[in-house]
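Every number in this text was worked out from the coordinates using simple rules, so none of it is lab data. Keep in mind the model is a prediction, meaning the values are calculated, not measured. All Cβ positions, even for glycine, are placed from backbone atoms using ideal geometry, and neighbour counts span all protein chains on display.
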Amino acid sequence: MSWTGVMAAFRVKIKESLRYRGYWISDLGFTFLMALLPIMIGRGGDIDAFEALTGTGNYYGYMLLGACTFMAIDAPLWQMGNWFRREQQIGTLQSIYLTPDGSMEALGGLALFCLFRSCIIAGIPFATGFVWFGLEPSRGIILALAFFIVGFIPVCGLSLFIGALVLRLKETGALLNTLQMSFGLLMGMWVQVSLFPVAVRAVSYSLPMTWVASGVRASIMGMPYLFGSWESDFIALLMHSIIMPVLGAMVFLYVEKRVKMNSGVGSF
Amino acid sequence: MAIVEIRDLYKEYRARGKVVKALNGIDLTIEEGEFFGLLGPNGAGKTTLIQCITTLLIPTKGEISVCGYDALREPSKVRASIGCMLTGERSIYWKLTGRENLDYFGALYHIKKRRDRIEELISMLSLEDFIDRRVETYSSGQRMKVAFAKTLIADPPVIILDEPTITLDVLASRELRQAIKEINRNGTTVIYTTHLMFEVEELCDRVAIIDEGVIKALDTVEGLKRISGDERRIKLSLSDPSTVAEALRGVESVKEVSEENGSVVVVGGALDSILKAVLSSGVELKDIDVSSPDLENVFLKLTGKRLEE
């Protein structure tokens, strides 16, 4: 696997995205909407009750950060999962699989693109929201960024599960849409994870996005961390960063081999 | 020297709950520099065989080696040794320009001097007029040319082309065949699948006829034609067919002489002996039509079906 291949795949994704009219505008617009909807619905609610539930009275900031983190961290999962399907449909997946290590390099380039895209589609609404709502970060942006960047690694690992699912099942549009919103709920985009029943909370904790969303919010808004301190939450996220890519790669390679043993990666 | 070796290859897969036997014990050796044809109807197993050679599929049983690399144990090295065009014009990105496509795939093949190689291909395949336009604006022939250039980007020792002319018009098809011939003349081994017999006759050194996952015959085009048992047929339009027919029956190695609507049809025999016999009979020769046995008959004889079926 070569860095040149990864960078070439990254450049191709950038070029393609710029050549689809409205690609960036609609992505940015969607993030704004994801933040504005709960903000508008919850306006005039009981802030004291909200603070008692979440540990912060900053409702706007809570929702804004939730939406931005969701778009930045959760969306790449589907970008990468759907990449296989899209390449299958347009016919280029076989071309990539015909190159020596093309599938891994293309995925690497895609991961870089997703990181870049996340910075844009979450960063702009995040900055706009802070100015618009007059929010003040009580703690460090740098720590929040660290949660975000480190959290991206297990998310890429998790996306390999989604990729494997798409390779195996092929027609996965409805399933992916359902999973996407379920993950949004489970990661605590709208509701604090600590409010979930124990079993649901356990599922939430197994998702790296939960730790990113919580870490970003807690770092910026001074809310309590899931395990009480940023160090313990960060260690939990680091564990995800080690386990998730390894597990994801194992599952993906297993499914890929099974698919090749059957009718192949190019068929749809 | 053998560049592709296939031993006892089987491929089965499941489709809608049924087991499909796509390849049923293929043994094949392709020599370096050879132009090798795979001829067979749709569903014969040609594409499956290619997908196994290029490591896109893992065979159920059997061995494949390309340039000495084992396809199961060293798949990356096998892929690096092969340039392959499977899905034709759909194998490239339509939102990118031709040059961007070549650059991308050049990077995935780890080509060091990509710019030089791309310029070389542009010049070799005359892509100058459209290479910097987006592929979505190309004609079908232009897309196939760029897809072919992509196949050659790594300058591989083996190229595999799966029905490359199937969507092209006559002119574009001819141009592409010329380009492929030129590449082969420069030493690249070509494996070419088609169901068009004239392409096989024009291009291939040896041909394997494949049907139902089995190689039914493997030989040169001339060798395959001999399998059919057919001989050259000469149709002579004459002022007095009966006289000539009688004379021709005595000519050496002529197997059959028949009269059809004022003509005489001769099967077998040397052309010069037949013409001498006609001229010495003093009968006026109005027209002559010589037809050779074709691969369609060979295919029909071997498989019991026509190629278009």
Kirkwood hydrodynamic radius for the stretch A:3-261: how many Å is it when counted over pairs of different Cα atoms?
-> 19.0
Normalised contact order of chain B, rounded percent, pairs of Cα under 8 Å and 6 or more residues apart | 19
Convex hull volume per residue in cubic angstrom - Cα atoms of the stretch B:2-227 = 125
Considering the options B:Thr188, B:Val278, A:Met250, tell which one lies farthest towards the positive end of the dipole of the protein assembly as shown, charges being +1 on Lys and Arg and -1 on Asp and Glu at the Cβ, about the Cα centre.
-> A:Met250
Mean-position separation - Cα centroids, the stretch B:153-208 and the stretch B:107-137, in angstrom = 20
Listed residue (B:Ala179, B:Ala107, B:Leu96) projecting farthest to the positive dipole end of the stretch B:83-186, Cβ model = B:Ala107
Working from Cα positions, state the angle (0 to 90°, nearest 10) between the long axis of helix A:230-261 and the longest principal axis of chain A.
-> 20
Could you pull out the pairs from B:Lys255/B:Lys276; B:Lys11/B:Lys305; B:Lys225/B:Lys286 whose alpha carbons sit more than 21 Å apart here?
-> B:Lys11/B:Lys305; B:Lys225/B:Lys286
If one builds a Gaussian network model of chain A from Cα atoms under 10 Å apart, the most fluctuating residue listed among A:Gly184, A:Gly45, A:Gly61 is A:Gly45
DSSP beta bridges in the protein assembly as shown: the antiparallel percent, rounded to 5, is 70
Final fewest-first order of B:Thr55, B:Thr137 on the 10 Å Cβ neighbour count is B:Thr137, B:Thr55
Cα-based convex hull, the protein assembly as shown, per residue volume (Å³, whole number) = 185
Most exposed first, judged by fewest Cβ atoms within 10 angstrom, A:Arg217, A:Arg21, A:Arg258 run A:Arg21, A:Arg258, A:Arg217
Share (percent) of C-alpha pair distances in the stretch B:111-203 greater than 14 Å works out to 66
What lysines could a cross-link reach from A:Lys15, if we take a straight Cα to Cα line under 16 Å and drop same-chain neighbours fewer than 8 places away?
-> B:Lys95
Furthest towards positive pole of dipole, A:Ile120, A:Asn262, A:Pro197, structure part chain A, Cβ charges | A:Asn262
Cross-link reach from A:Lys170 to aspartates and glutamates, straight Cα distance under 16 Å and at least 8 residues apart if same chain, gives A:Glu87, A:Glu256
Find the Cα radius of gyration of the stretch A:37-164, compare it with 2.2 N^0.38 Å by division, and give the number to two decimals.
-> 1.33
Within 10 Å of each residue's Cβ, count the other Cβ atoms and sort A:Met187, A:Met104 from fewest upward.
-> A:Met104, A:Met187
Quick one: work out the % antiparallel among DSSP beta bridges in chain B, nearest 5.
-> 70
Determine the alpha carbon to alpha carbon distance for each of B:Lys145/B:Lys181; B:Lys21/B:Lys77; A:Lys257/B:Lys113; A:Lys257/B:Lys77; B:Lys181/B:Lys216 and list only those over 24 Å.
-> B:Lys21/B:Lys77; A:Lys257/B:Lys113; B:Lys181/B:Lys216
Chain B: angle of helix B:170-185 to the longest principal axis, Cα-based, in degrees nearest 10 = 80
Return the calculated 222 nm mean residue ellipticity for chain A, to the nearest 500 deg cm²/dmol, obtained by summing -39500 (n - 2.57) across DSSP H runs with n ≥ 4 and dividing by the residue count.
-> -25500 deg cm²/dmol
Candidates B:Leu196, B:Leu23, B:Leu96; GNM for chain B (alpha-carbon contacts under 10 Å) flags as most fluctuating B:Leu96
Based on Cβ point charges of +1 for Lys and Arg and -1 for Asp and Glu, what charge dipole magnitude is obtained for the protein assembly as shown about its Cα centre, in debye rounded to the nearest 20?
-> 1840
With the contact rule set at Cα under 8 Å and sequence spacing of 6 or more, what percent relative contact order holds for chain A?
-> 27
Mind checking the dipole of chain A: about its Cα centre, +1 per Lys or Arg Cβ, -1 per Asp or Glu Cβ, Debye to the nearest 20?
-> 820
Nearest 10 degrees, 0 to 90: what angle lies between the long axis of helix B:271-280 and the longest principal axis of chain B (Cα atoms)?
-> 30
